[in-house]
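Report on one structure; see the data block that follows.
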Amino acid sequence: AQSVTQPDIHITVSEGASLELRCNYSYGATPYLFWYVQSPGQGLQLLLKYFSGDTLVQGIKGFEAEFKRSQSSFNLRKPSVHWSDAAEYFCAVRNNAGNMLTFGGGTRLMVKP
Amino acid sequence: DSGVTQTPKHLITATGQRVTLRCSPRSGDLSVYWYQQSLDQGLQFLIQYYNGEERAKGNILERFSAQQFPDLHSELNLSSLELGDSALYFCASSVVGLAGDTQYFGPGTRLTVL
């Protein structure tokens, strides 16, 4: 069965600092990988996705993620964090049938002024 | 705004009651998904419909049921509610429901069972 692990439950960074959120997945075939962001009281917004091809994918709001098959990882990065990035971030993997997303437990990001 | 709408935003009810959550997918999307987000279980897939037919089931309780109507909106029915059913329920939609699709999420319905 597929699974996703986000090892960091909480992360605090200073505004302007770089950010990396970790995501490890377990899936037998080529994964379809996603990062979503959830702001307080809001739904889930898609940041970026990886299906195939270039292993470095660019998303909205200046985020990028790198797929590393050898490490079963899909870490999310941003070079300079803004206060408005404070939110909860979810990594997800989708099965080949396209039916369900399996989410990690989420990482709550706090941004210090 | 993802284009997926969910009503109501909030719902407060008592144990043993039954409620219906409604979802309208993005224009042109044929597939609808329901997810539950709770503190202890995280985000879990419940069920998927494609063009009116059930396509996949996840961790959905027998007390819960769903359907997708000819106009493609979907309803999630929760009955014999328990305290543990308190959660945020999300609906998502995608074009055809295959692996290449992206799921777009609605703002959710927060259910509180007292």
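If only residues of the stretch A:54-76 that are open to solvent by less than 60 Å² (accessible area, probe 1.4 Å) and more than 28 Å from B:LEU39 (Cβ to Cβ) are counted, the one that is nearest to the other protein chains (Cβ to nearest Cβ) is A:VAL57.
The set of residues in the stretch B:27-50 that are charged (D, E, K, R) and either crowded, with 18+ Cβ neighbours inside 10 Å or in contact with a Lys or Arg (Cβ under 8 Å, 6 or more places away or on another chain) (or both) contains only B:ASP29. Determine whether the stretch B:21-37 contains at least one residue that is without any contact (Cβ under 8 Å) to a residue 12 or more places away in the chain and more than 14 Å from B:SER94 (Cα to Cα). Scanning the stretch B:21-37 turns up no residue that is without any contact (Cβ under 8 Å) to a residue 12 or more places away in the chain and more than 14 Å from B:SER94 (Cα to Cα). Looking only at the stretch B:105-114, residues that are aliphatic (A, V, I, L, M) and within 7 Å of chain A (Cβ to nearest Cβ) come to 0 in all.
Residue selection: B:ARG22 fails the criterion of being surrounded by fewer than 21 Cβ atoms within 10 Å (Cβ to Cβ), modelled with pLDDT under 95 and assigned to a strand (DSSP E or B).
Selection of the stretch B:69-104 for residues being open to solvent by 10 Å² or more (accessible area, probe 1.4 Å), within 14 Å of chain A (Cβ to nearest Cβ) and either within 29 Å of B:ALA14 (Cα to Cα) or touching a residue at least 40 places away in the same chain (Cβ under 8 Å) (or both) yields B:LEU88, B:VAL95, B:VAL96, B:ASP101, B:TYR104. Tallying residues that are farther than 19 Å from A:ILE9 by Cβ, touching a residue at least 12 places away in the same chain (Cβ under 8 Å) and open to solvent by 20 Å² or more (accessible area, probe 1.4 Å) within the stretch A:85-113 yields 3. Flag set for B:GLY58, criterion: under 20 Å from B:SER79 (Cα atoms) and surrounded by fewer than 18 Cβ atoms within 10 Å (Cβ to Cβ).
Tell me, yes or no, whether the stretch B:1-16 has at least one residue that is modelled with pLDDT of 95 or more, within 14 Å of chain A (Cβ to nearest Cβ), under 28 Å from A:THR5 (Cα atoms) and not in a strand (DSSP E or B). Checked against the condition, which is being modelled with pLDDT of 95 or more, within 14 Å of chain A (Cβ to nearest Cβ), under 28 Å from A:THR5 (Cα atoms) and not in a strand (DSSP E or B), the stretch B:1-16 yields at least one hit.
Among the residues of the stretch B:46-73, those that are closer than 15 Å to B:CYS23 by Cα, in a strand (DSSP E or B) and among the aromatic types (Phe, Trp, Tyr) comprise B:TYR49, B:TYR50. Elements of the type strands (runs of 3 or more DSSP E) sitting completely within the stretch A:18-113 and holding at least 2 residues that are over 15 Å from A:GLN2 (Cβ atoms) and of a type in the set (Phe, Trp, Tyr): these cover A:32-38.
The values are calculated or read from the model by the stated rules, or taken from the named source; none is laboratory data. Since we're looking at a predicted model, the values are computed, not measured. Glycine also receives a Cβ, built like all others from the backbone with ideal geometry; neighbour counts cover every protein chain displayed. Calculation scope for accessible area: heavy atoms of the full protein, side chains included, ligands and nucleic acids excluded. Shrake-Rupley method; radii C 1.70, N 1.55, O 1.52, S 1.80 Å.
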